[in-house]
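Below is one structure; the comments refer to it alone.
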Amino acid sequence: MIQVENLTKNYGAKPAIQDVSFQVEKGEIVGFLGPNAAGKTTTMRVLSCFFPPSSGSAKVAGFDVFDDSKEVRRHVGYMPENPPLYPDMTVDAYLRFVAQIREVPFRQISKRIRDIVERVHIGENRRLRISKLSKGYKQRVGLAQALIHNPQILILDEPTVGLDPKQIIEVRHLIKSLAGDHTILLSTHILPEVSMTCGRVIIIHNGHIVAKDSTEALTVRLQGSERFMMHIEEPSLGEYSVKNIEKIVGKLRKIPEIESVELDSSMPLDQERASVGHYLTIRSAERENIRHHAAKVVIENGWRLYEIRPDRMSLEEVFLQLTTEEDIETSENFEGSESEKETSE
Amino acid sequence: MKKIYAVWEREVNSYFTSPIAYVSISVFLILFGWFFYNSVIWYTQMSMQAMTSSPFLQGQLNIDRMVVRPIFSATSIIVLILTPAMTMRLFAEERRLGAFELIYTSPIDKLEWVLGKFAAAATLFFAFLALTVYVPFILLTYGEPDLWALLSSYLGVFLMGLAFISFGLFASSLTENQIIAAVITGGGLLFLWLLVLAGSVIEGAWGEVLLYISVIEHFNDFNNGIIDSRHLIYYATFIIFFLTATVKVLDSQSWR
């Protein structure tokens, strides 16, 4: 659906994005991840025909963004970071206006507006002026304008920015519900958002793509070992001794697959600490699941096991690792590392 | 065409849901009425004097020359002052709101966008003039002005207003700051207007050229009841030139 090849866009002499290549298949939700000023918005603006690329090519819905720009615009719904709203219009009038300039057939406009308004849950505010709406509602109106002509492709630039947690969840659900019918490219600098909504992620940094893969694969690839966390408590608090916890840690360390056991060191080991329980971070050498071994050891020694959960490397960590790696590489071998990264996928 | 209509509808609604339309129409009507009142008073005083003292003066009195023409000359000045208010917002505001991103990523041509906005401003200006019809009505009821001179004056003012609007639209496309757009519009139009002074002082071909460029020079004939194709062509060219320039400015945005 979206094919981008060696896309470069310069602002003056300074490149905002350089040699960006990627593809998005039909029905996918792809997250475009990067810190601020990494080139996300620039790429999206090229894809939505806001401005032409300096070099390279991009095909959206089978049409070239430069040669068939009007055709591309017919098939794309674009929601910029700041939704392009007219504060003096009502939601209804605004959507009607957008529907008209986006070539929705006249007879279908009212029905489309009704559907969209329902879908993004702004029904009760249809007759209000946009200037009276809260930030969250404005954001949803922004989403509604991108959807009004039922585009094959949705390009959403930071769709959840500035929303409260409840609204963020709603918008994410909405975006997920749109997948399948629509191909979605969304950008964000909030990492959990990508793991929650997107099937694939493209990480961009300083105008270059540093990684592209499925979110799980990316996490696993960057993580050599399995890690999990345990919350345990000593059975009797009568005779407290540091030795007790040291004993159980020692026993856990004896399990052959376990590489290391770390005790949460944020609190001193004293009576009070013992009453809260201990948090252990356990790392195994192989990617085998050894959680049940550890659990068994804890139970057999009479300790209470409250919680056990895998502690995967978060996307934040993945991201930091990738972007810092890239920084080192760029300083040494700028072009080489770039093409390597892209082909290594 | 449908898209031009959509833009037009949006802009007209925007004029009339904000105070812009009401304030500018009120100011226009007050000033217009004031000029009308003064010229009628002056005309009646002259008539009284002529009746009592000088029969010679009586022959000189002419409602077209003493009432109709001054009113429309004054109107052209009011329009000059009010044009920035009508046009400064049109593109500058959109640029500030980020609405450029909506328009540029929609399948609408810049020309359609410009024409829609031009038509909207023209509609507001038409409302200005339409609300002054009580004046010719009073004149025709109580006097015998030349109907054709009245009509051609209206046509002249309307064409001149459209030319002003096209210039204002162009100025608004240059910046996201409405005040800058207003200053460029007001200053630019006044300059084009005042060329008539330079044109009448400078002799020879250059004087002629300056006179031809001056916006007001082409209005005078309309005011005298003459509809000359030269002036129609002048205003048409003026409007087309500035609308095209606006489209070019908007197109060039994508390349920055």
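The values are calculated or read from the model by the stated rules, or taken from the named source; none is laboratory data. What you see is a predicted model, and the numbers here were worked out from it, not measured in a lab. For neighbour counting, all protein chains shown are included, and Cβ atoms are generated from backbone atoms with ideal geometry for every residue, glycine included. Side chains are part of the model used for accessible areas, which takes the heavy atoms of the whole protein and leaves out ligands, DNA and RNA. Shrake-Rupley method; radii C 1.70, N 1.55, O 1.52, S 1.80 Å.
Relative to the Cα centre, the charge distribution of the stretch B:2-254, modelled as +1 at Lys and Arg Cβ and -1 at Asp and Glu Cβ, gives a dipole magnitude of about 380 debye. With one equal scatterer per alpha carbon and no solvent term, the Debye-computed log10 I(q)/I(0) for the stretch B:124-213 at 0.20 1/Å reads -0.99.
At 18 angstrom or more along the helix axis (alpha-carbon based) and mean Kyte-Doolittle of 1.0 or higher, what helices does chain B contain? Whole DSSP H runs only. Walk me through the numbers before you get to the answer.
Working: long enough: B:2-17 (22 Å, -0.64); B:19-52 (49 Å, 1.06); B:69-87 (27 Å, 1.41); B:110-130 (29 Å, 1.34); B:147-173 (39 Å, 1.72); B:178-201 (35 Å, 2.07); B:229-253 (36 Å, 0.82).
For chain B, where a helix must reach 18 Å along its axis and average at least 1.0, the hits are B:19-52, B:69-87, B:110-130, B:147-173, B:178-201.
Across the options B:Phe164, B:Met66, A:Pro165, the greatest Cα extent toward the positive end of the charge dipole of the protein assembly as shown (unit charges at beta carbon of Lys, Arg, Asp, Glu) belongs to B:Met66.
At R0 = 56 Å, how high is the FRET efficiency between A:Ile299 and B:Ile30 if r is their beta carbon distance? Nearest 0.05 is fine.
Numbers: r = 91 Å, r/R0 = 1.62.
Using R0 = 56 Å, I get an efficiency of 0.05.
Each residue of the stretch A:54-67 was assigned a 3J(HN,Hα) from its phi angle through the Karplus expression (A = 6.51, B = -1.76, C = 1.60, θ = phi - 60°), giving 6, 7, x, 9, 9, 10, 10, 6, x, 10, 7, 5, 8, 6 Hz with x at Gly and Pro. Computed on the Cα trace of the stretch A:67-216, the radius of gyration divided by the Kirkwood hydrodynamic radius gives Rg/Rh = 0.97. In order along the stretch A:162-178, phi translates into HN-Hα couplings of x, 9, 7, x, 5, 5, 4, 4, 4, 5, 4, 4, 4, 4, 4, 5, 7 Hz, rounded to whole numbers, per the Karplus curve 6.51 cos²θ - 1.76 cosθ + 1.60 with θ = phi - 60° and x for Gly and Pro.
For B:Trp34, B:Trp193, B:Trp113, what's the largest-to-smallest order of accessible area, 1.4 Å probe? List each step's numbers first, then the result.
Values: B:Trp34 145, B:Trp193 35, B:Trp113 0 Å².
Descending accessible area places them as B:Trp34, B:Trp193, B:Trp113.
Estimated from the Cβ-Cβ distance and a Förster radius of 22 angstrom, the FRET efficiency linking A:Asp164 and A:Asp311 is about 0.20.
First obtain the Kirkwood hydrodynamic radius of the stretch B:2-254 from its Cα pairs, then insert it into the Stokes-Einstein equation at 20 °C and 1.002 mPa s, and state the resulting D in µm² per second as a whole number. Spell out each step's value before the answer.
Working: Rh = 19.6 Å.
Stokes-Einstein gives a translational diffusion coefficient of 109 µm²/s.
Comparing Cα centroids, the stretch A:27-94 and the stretch A:136-212 end up 12 angstrom apart.
Which percent of the accessible heavy-atom area of the stretch B:2-254 goes to carbon and sulfur, probe 1.4 angstrom? All intermediate terms of the calculation are to be shown ahead of the outcome.
Values: 8200 of 11510 Å².
Within the stretch B:2-254, the accessible surface is 71 percent carbon and sulfur.
With each label modelled as a point 7 angstrom along the Cα→C-beta vector, the B:Phe126-B:Ile233 pair spans 2.7 nm. Which of the listed residues, B:Ile226, B:Ser54, B:Ala21, is farthest toward the dipole's positive end in the stretch B:2-254, when Lys, Arg count +1 and Asp, Glu count -1 at the beta-carbon? So the residue we want is B:Ala21.
With the cut-off at under 20 Å, measuring from each backbone N in the stretch A:72-103 to a point 7 Å along the Cα-to-Cβ line of A:Ser131 picks out A:82-98.
Pairing chain A with chain B buries about 2600 Å² of accessible area. This figure sums both sides and uses a 1.4 Å probe.
A convex hull fitted around the alpha carbon atoms of the stretch B:76-158 yields 102 Å³ per residue.
Taking a Cβ cut-off of under 11 Å around B:Ser39, the surrounding Lys, Arg, Asp and Glu residues balance to a net charge of +2, with basic ones at +1 and acidic ones at -1.
As a fraction of the 1.4 Å probe accessible area of the stretch A:1-116, surface on carbon and sulfur atoms comes out at 47 percent.
Backbone phi angles across the stretch B:99-109, fed through the Karplus curve with coefficients 6.51, -1.76 and 1.60 (θ = phi - 60°), yield HN-Hα couplings of 5, 4, 5, 5, 5, 5, 9, 10, x, 10, 7 Hz in residue order; Gly and Pro are listed as x.
Please identify, among B:Met160, B:Met51, B:Met88, the residue showing maximal mean-square fluctuation in a Gaussian network model of chain B using a 10 angstrom Cα cutoff. Answer for the Gaussian network model of chain B: B:Met51.
Where does the charge balance sit around B:Ala120 when Lys and Arg score +1, Asp and Glu -1, over other residues with C-beta under 14 Å from its C-beta? For residues surrounding B:Ala120, the net value is -2. Contact-buried residues of the stretch A:78-100, at a threshold of 50 Å² lost accessible area versus the chain by itself: A:Pro84, A:Tyr86, A:Asp88, A:Phe97, A:Gln100 (1.4 Å probe; DNA, RNA and ligands ignored).
List for the stretch B:11-26: residues with 30 Å² or greater reduction in accessible area, all protein chains versus chain alone, probe 1.4 Å? The answer is B:Thr17 - residues whose exposure falls by at least 30 Å² when every protein chain is included. Rounded to the nearest 20 debye, the dipole magnitude of the protein assembly as shown is 1840 debye, with +1 charges on Lys and Arg beta carbons, -1 on Asp and Glu beta carbons, and the Cα centre as origin. In this structure, the pairs whose alpha-carbon distance is over 30 Å, taken from A:Lys14/B:Lys117; A:Lys111/B:Lys248; A:Lys59/A:Lys176, are A:Lys14/B:Lys117; A:Lys111/B:Lys248.
Grab the beta carbon distance between A:Glu118 and B:Met1, set R0 = 22 Å, and tell me the FRET efficiency rounded to 0.05. Numbers along the way, then the final one.
On the way: r = 31 Å, r/R0 = 1.40.
Using R0 = 22 Å, I get an efficiency of 0.10.
Pairs of alpha carbons in the protein assembly as shown separated by more than 44 Å make up 44% of all such pairs. Measuring between their Cα centroids, the stretch B:182-243 and the stretch B:16-32 lie 26 Å from each other.
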